[in-house]
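Colleague: My questions will all concern the structure given below.
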C-alpha cells in the first residue's frame with residue numbers, strides 16, 4: 001500500500017492520524033485506528049443510553065471533531081461516520097436541542113436549537129432510507145416530535161410500530177404515550193405507558209405529564 005493511498009483512506013474515514021513508519025504494516029495501522037474509533041463510539045452509545053448526553057457528544061467529538069456533523073459519506077469508514085451522526089442526532093432529539101453538538105450557527109438560542117433539530121431530523125431520515133428498520137423509524141420519530149410540523153408524522157410512525165408490536169425502545173413507547181394523549185387517544189396512551197414501564201429502561205420517563 002502506497003503512502004498516498006493510505007493517506008486518502010484515512011481521510012475518508014474522517015480520522016486524523018500519523019502515517020505508519022516503514023516497520024508498521026498498513027493493514028495493522030488502519031485496523032488500530034478503526035478499533036480505537038469503535039471503542040469511542042461504543043462508549044458514546046452507552047452514555048447516550050444512560051442519558052449522559054454531554055459526555056456522549058464529547059466521546060464522539062474526541063474522535064471526529066466537527067467532521068461528525070459533516071455531509072453523509074460513502075466508502076470506507078462510512079458506517080462509523082453514520083454511527084457518530086446517529087449518536088449526535090439522538091442527543092439533539094432527546095435533549096430538545098439543549099445539548100450542543102458543535103454546530104456554531106450563531107443567532108438566538110432558540111434558532112440554534114431549531115437548526116440542530118432540523119439537522120437531526122434530516123440525518124435520521126437519510127439513515128432510515130426507504131425501508132427503515134423499526135429502530136430507525138422510532139428514532140426518526142423522536143427527532144420529528146421536536147418539530148411542531150413533525151409531530152403528526154411522528155405519531156403515525158409510532159402508532160404503526162405499536163400496532164404491529166414492533167416498538168424497539170422505551171423511548172418510543174414513552175413518546176407514543178405522550179402523542180396519543182395529545183391526540184385524545186387516552187386508551188392508547190395508557191397502553192403505551194404500560195409497555196414503556198415493562199421495559200424498565202434507565203432514564204426514560206414513561207408517565208405522561210398532566211397538561212396545564
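Colleague: As an exercise, use a Förster radius of 30 Å and the Cβ-Cβ distance of residue 148 and residue 42 to find the FRET efficiency, rounded to the nearest 0.05.
Modeller: 0.30
Colleague: Using packing as a proxy for protection, rank 154-160, 172-178 so that the peptide with the highest average count of other Cβ atoms within 10 Å comes first.
Modeller: By packing density, highest mean first, the sequence is 172-178, 154-160.
Colleague: Which FRET efficiency value, to the nearest 0.05, do you get for residue 165 and residue 66 by plugging their Cβ-Cβ distance into 1/(1 + (r/R0)^6) with R0 = 41 Å?
Modeller: 0.50
Colleague: Which peptide among 52-63, 182-193 comes first, and what is the full order, when sorted by highest mean count of other Cβ atoms within 10 Å?
Modeller: Top of the packing list down: 52-63, 182-193.
Colleague: If you wrap a convex hull around the C-alpha atoms of the stretch 149-212 and split its volume per residue, what is the figure in Å³?
Modeller: Normalising the Cα hull of the stretch 149-212 by residue number yields 86 Å³.
Colleague: Something else now. Using 0.36 nm per residue of separation minus the Cα-Cα distance, give me the extension gain between residue 49 and residue 183 in nm, one decimal.
Modeller: Additional length available on full extension: 45.4 nm.
Colleague: So what is the diffusion coefficient of the stretch 101-201 in µm² per second by Stokes-Einstein at 10 °C and 1.306 mPa s, using a Kirkwood Rh over Cα pairs?
Modeller: So the translational diffusion coefficient is about 112 µm²/s.
Colleague: I would also like to ask the following. Round to the nearest 0.05 the FRET efficiency obtained for residue 118 and residue 191 when R0 = 30 Å and r is the Cβ-Cβ distance.
Modeller: 0.45
Each value in this text was obtained by applying a stated rule to the coordinates, not by laboratory testing. Here the structure is a predicted model, which is why all the values come from computation and not from measurement. As a convention, Cβ positions derive from the backbone with ideal geometry for all residues, glycine included, and neighbour counts pool all protein chains shown.
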